[in-house]
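The values are calculated or read from the model by the stated rules, or taken from the named source; none is laboratory data. In this text, all values refer to a predicted model and were calculated from it rather than measured experimentally. Reconstructed Cβ throughout: ideal geometry from the backbone, glycine too, with neighbour counts over all protein chains shown.
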Amino acid sequence: MIDINVLRDDPDRVRASQRARGEDEAVVDAVLAADRQRRTTLAHFESARARQKQISKDVGALMGRLGAARKTGAPAADLAALEAEADAARAAAAEVSAQVKDLESAASTAQAELDALARTIPNVIVDGIPAGGEDDYVVLATYGTPRDFAAEGFEPKDHVDVLEGLGGLDLARGVKVAQSRFYYLVGPGARLESALMNLALAKAHAWGFVQLSVPTLVNPAVMAGAGFLDAHADEVYRLAADDLYLTGTSEVALAGYHAQEIVDLSAGPKRYVAPSTCYRREAGTYGKDTRGIIRVHQFQKVEMFLYCRPEDAVAEHERLLSFERDMLDAMELPYRVIDVAAGDLGGPAARKFDCEAWVPTQGKYREVTSTSNCTTYQARRLNIRERGEGGTRIVATLNGTLTTSPRWLVPLLENHQQADGSVAIPAALQPYLGTDRLTPPGT
């Protein structure tokens with residue numbers, strides 16, 4: 001959720017962000033109107049509540065005077081006058097009490113309407129990122145040179161043929177036990193996946209991340225707080241009987257880890273890493289990447305996540321990108337880094353960098369990692385704060401993918417395949433796989 005103070009103080013900045021994302025600008029004025037209505041209703045409630053407190057005091061004083069008059073044997077006329085005054089005060093108190101109840105309900109309704117509208121506004125983008133949609137990214141840097149397979153005298157196979165040749169993939173049985181876009185990794189394929197995950201976790205540990213084992217089912221409050229029940233709710237699997245959601249990234253559970261807490265950032269950011277099984281419905285992707293294991297419903301992922309002071313978020317974002325690049329360099333893959341356009345950002349992200357690895361048989365770069373600066377957007381929804389000199393304030397959250405399988409297997413297998421069907425294993429991965437080469441059965 002965006003900061004309502006930013007909306008009040010600089011609505012033009014939010015409108016510009018909406019334009020860059022291709023979103024409706026009119027919602028800004030709708031939220032401002034709802035905010036004014038909430039504040040007016042709240043002021044009426046607080047005024048009535050103050051009157052109620054004063055009348056309660058007056059009733060108490062009158063009852064005290066009436067009791068004293070009765071005790072001292074005051075004249076009947078004086079007692080009657082006091083009783084009449086007390087009855088009138090009690091009636092006024094009852095009337096104001098009813099008004100307070102109605103105004104409190106109205107204030108709650110106004111707050112709920114404001115919150116609902118405010119949640120429709122995605123995070124305000126960082127100045128300078130490209131406007132537009134999926135194809136309007138900016139390439140920031142390119143690393144490595146794609147192999148010239150023609151010069152080596154053979155045509156590269158795609159990842160499916162390479163992995164099946166190794167005896168490492170069974171697509172048919174994945175469909176048999178589930179449906180399309182499910183698969184089995186077998187033998188060397190499964191071992192390669194585990195090696196990738198273990199290397200990523202070892203690197204994260206060396207960088208100071210605390211590893212967590214996280215739930216892959218979360219409640220609606222956490223799913224919504226992380227920003228995954230807004231524009232892309234149709235991507236999420238929901239267990240209706242339990243009112244729980246299967247997560248598409250451990251980012252969700254990591255974001256919820258400190259929900260409703262005050263965190264101590266005096267020693268620097270809190271950095272976490274978690275491997276998890278992830279689930280995505282891939283709604284709206286009919287006909288895209290139907291061959292192989294690029295776009296699947298279930299996959300493994302190692303995700304980095306951190307909480308930091310808002311003023312440190314930009315530097316921490318660059319740091320997460322450097323960690324992702326380190327992993328790609330270790331895999332000896334050609335890749336590029338792009339600054340994702342505003343219209344292609346998820347709701348919580350103010351800026352996102354993607355790393356895209358070269359896929360030889362497709363002749364293009366494909367996304368393998370992303371890192372997002374979510375500023376205070378998620379933490380505000382989840383009420384995660386830090387304590388400072390002036391009280392508490394909302395922290396910033398950031399996330400970054402360190403590796404994903406099977407998405408990473410695609411460029412890894414295709415770029416390191418050999419003419420004899422074997423696959424050379426990058427040196428950094430060899431200790432986790434126990435070999436420097438995967439070979440087809442019987443060779």
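Here GLY227, GLY268 are screened, and the one residue that is in a loop (DSSP other than H, G, I, E, B) and in contact (Cβ under 8 Å) with a residue 60 or more places away in the chain is GLY227. Screening the candidates ASN219, ASN198 for the property of being at pLDDT 95 or above, farther than 17 Å from THR277 by Cβ and either polar (S, T, N, Q) or in contact with a Cys (Cβ under 9 Å, 6 or more places away or on another chain) (or both) yields one hit, ASN219. Residue count for segment 157-192 under the criterion of being touching a strand residue (DSSP E or B) at 6+ places or on another chain (Cβ under 6 Å), under 18 Å from ARG437 (Cα atoms) and surrounded by fewer than 20 Cβ atoms within 10 Å (Cβ to Cβ): the result is 1. Counting the residues of segment 267-288 that are modelled with pLDDT under 95 and either touching an Asp or Glu at 6+ places or on another chain (Cβ under 9 Å) or crowded, with 19+ Cβ neighbours inside 10 Å (or both) gives 6. Filtered by the rule that a residue be more than 60 Å from the chain's Cα centre (by Cα) and either of a type in the set (S, T, N, Q) or not assigned by TED's automatic domain parsing to the domain that holds ALA110 (or both), segment 37-95 gives a lone residue, THR72.
Conditions (1) in a loop (DSSP other than H, G, I, E, B); (2) in the same structural domain as TYR335 (by TED's automatic domain parsing); (3) more than 30 Å from LEU333 (Cα to Cα), marked per residue:
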| site | (1), (2), (3) |
| --- | --- |
| VAL100 | no, no, yes |
| LEU103 | no, no, yes |
| GLN111 | no, no, yes |
| ASN123 | yes, no, yes |
| GLY128 | yes, no, no |
| ALA150 | no, yes, no |
| PRO156 | yes, yes, no |
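VAL214 falls short of the stated requirement of being closer than 20 Å to LEU306 by Cβ, in contact with a Phe, Trp or Tyr (Cβ under 7 Å, 6 or more places away or on another chain) and either surrounded by 15 or more Cβ atoms within 10 Å (Cβ to Cβ) or without any contact (Cβ under 8 Å) to a residue 40 or more places away in the chain (or both). Taking the criterion of being over 14 Å from ILE2 (Cβ atoms) and in contact with a Pro (Cβ under 9 Å, 6 or more places away or on another chain), the residues of segment 18-42 that qualify are ALA20, ASP29.
Within the set ALA110, ALA151, the sole residue that is among the aliphatic types (A, V, I, L, M) and either touching a Cys at 6+ places or on another chain (Cβ under 7 Å) or surrounded by 15 or more Cβ atoms within 10 Å (Cβ to Cβ) (or both) turns out to be ALA110.
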